Amino acid sequence: MTQSKAMILGCSGLTLTAEEIDLYKAEQPWGFILFGRNIGDAQQITDLVASMRDAVGRPDAPVLIDQEGGRVQRIRPPILQSYPNAQALGEIYTRDRDKGLRAAWLMSRLHAFDLTRFGITVDCLPVLDVPVEGASNVIGNRAYGFDPTMVTEMGQAAADGLKAGGMLPVMKHMPGHGRGMVDSHHELPVVDVALDDLDTHDFVPFRALNQELMGMSAHLVFKAVDPERPATTSKKVIQEIIRGRIGFDGLLMSDDSSMNALKGTLGERAANIISGGCDMVLHCNGVMSEMLQVVKEVPVLSGRSLERAKAVEMGFPKPDDADETSLREEFNAMLAVA
């Protein structure tokens, strides 16, 4: 069987083009990711997911989506209900811890009901970033709150809800995007804070959830660790902080390689992501000219990266037998009160 390459790719529209199918067949991405431009209606999503897997000849190829709630919800009404952002759930927690944790679990369990119907198997959730006052709005209300303990507990509840529904979570953005003062989609944030402060604040949720199978890197420079390179391409940050202090040995994917916080051509970015120590290059925008550069620089999965990818493939839980209607009623009633 052809071995997958260390990359997750997007596509340009509602159906795969002939060129996309040929690229997937030839280059064998490990997984795929869907964005808003790929969403038409329920049957179309199901067909698109199936055609992605068909192109690589792997019926279990992971298909990812960012279905957080709030402004980051790729599949929206009328296909799926509108979900609140993490901050709104955090506000429930602030008033009543147990209710907040239940709300986080319920929302993820409902995401799993929603997404597995289309064949989507991975939700890029929870956001474990702990913002500080004055940080860029790129995280903003996508975070549960400003307290590392609360973010940890809510993030764990969210991850557990996905797993209860047979999906896998992706922790983001390692080792913490909460101090970014600019939006990494457009420019490179630089964090100039002592390592001890990062250790007792930013790294806390990731350390607590370090047994999860997948994490996503942050396009953010931590001057205390590596003043030159963002975490995504920094051997020092990945080895000493993510693998070391945080103790995460799961599959580490880059944040989107087409974001402008990263410098160089798409090929150079992909090469730097792999040489820095990420297991997987994520490329999201479906632009063919960029994907052609990425695939040239990305190796076939091997060594620890292959082992981590296999652990993910083997790690999808069996869904529980929860009743969707009653969980949805409970969650919506909780929101109505909130």
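Derivation of every value follows stated rules applied to the coordinates shown; laboratory data play no part. No experiment lies behind these values; they were computed from the predicted model shown. With ideal geometry, Cβ positions are generated from the backbone for all residues, glycine too; neighbour counts draw on all protein chains shown.
For every other residue with a beta carbon closer than 14 angstrom to the beta carbon of E290, add +1 if it is Lys or Arg and -1 if Asp or Glu, then tell me the sum.
Numbers: positive: R269, K296; negative: E19, E20, E27, D256, E268, E297.
So the surrounding residues net to -4.
What residue among M171, Q81, I8 has its Cα farthest toward the positive end of the dipole of the chain, where the charges are +1 on Lys, Arg and -1 on Asp, Glu, each on the Cβ?
I8
With n ≥ 4 as the cut-off for DSSP H runs, can you work out [θ] at 222 nm for the chain, using -39500 (n - 2.57) per run divided by the number of residues, rounded to the nearest 500? Present the calculation step by step, with values, prior to reporting the outcome.
On the way: 11 runs with 130 residues, N = 338.
Calculated from helices alone, the mean residue ellipticity at 222 nm is -12000 deg cm²/dmol.
Work out how much length A42 to D197 would gain on full extension: take 0.36 nm times their residue separation and subtract the Cα-Cα distance, in nm to one decimal.
Working: separation 155, 0.36 × 155 = 55.80 nm, distance 4.56 nm.
Additional length available on full extension: 51.2 nm.
Can you return the lysines within cross-link range of K223? Criterion is Cα-Cα under 30 Å, with same-chain partners fewer than 8 residues away left out.
K172, K235, K236, K263
Using the Cα centre of the range 5-337 as the reference point, and only Cβ charges (+1 on K/R, -1 on D/E), how large is the resulting charge dipole? Debye, rounded to the nearest 20.
On the way: 33 positive and 46 negative charges, 75 e Å.
In debye, rounded to 20, the range 5-337 gives about 360.
Springs between alpha-carbon atoms under 10 Å, Gaussian network over the chain: tell me which of F203, F32, F118 tops the mean-square fluctuations.
F118
Counting Lys +1, Arg +1, Asp -1, Glu -1, what net charge surrounds K99 among other residues with beta carbon under 13 Å of its beta carbon? Walk me through the intermediate numbers first.
Numbers: positive: R95, R97, R102; negative: E91, D96, D98, E153, E330.
Combined, the nearby Lys, Arg, Asp and Glu give -2.
Nearest 0.05, what FRET efficiency do K25 and S302 give at R0 = 22 Å with Cβ-Cβ as r? Walk me through the numbers before you get to the answer.
Numbers: r = 21 Å, r/R0 = 0.94.
The computed FRET efficiency comes out at 0.60.
Calculated FRET efficiency, R117 and E330, Cβ-Cβ r, R0 25 Å, to nearest 0.05?
Working: r = 20 Å, r/R0 = 0.80.
The formula returns an efficiency of 0.80 here.
Just rank S184, S4, S275, fewest to most, by other beta-carbon atoms within 10 angstrom. Mind dumping the intermediate values first?
Details: S184 24, S4 21, S275 11.
Going from least to most buried by this count: S275, S4, S184.
What percent antiparallel are the DSSP beta bridges of the range 5-337, to the nearest 5? Intermediate results must be reported in sequence, preceding the final value.
Numbers: 3 of 26 bridges.
For the range 5-337, the DSSP antiparallel bridge percentage is about 10.
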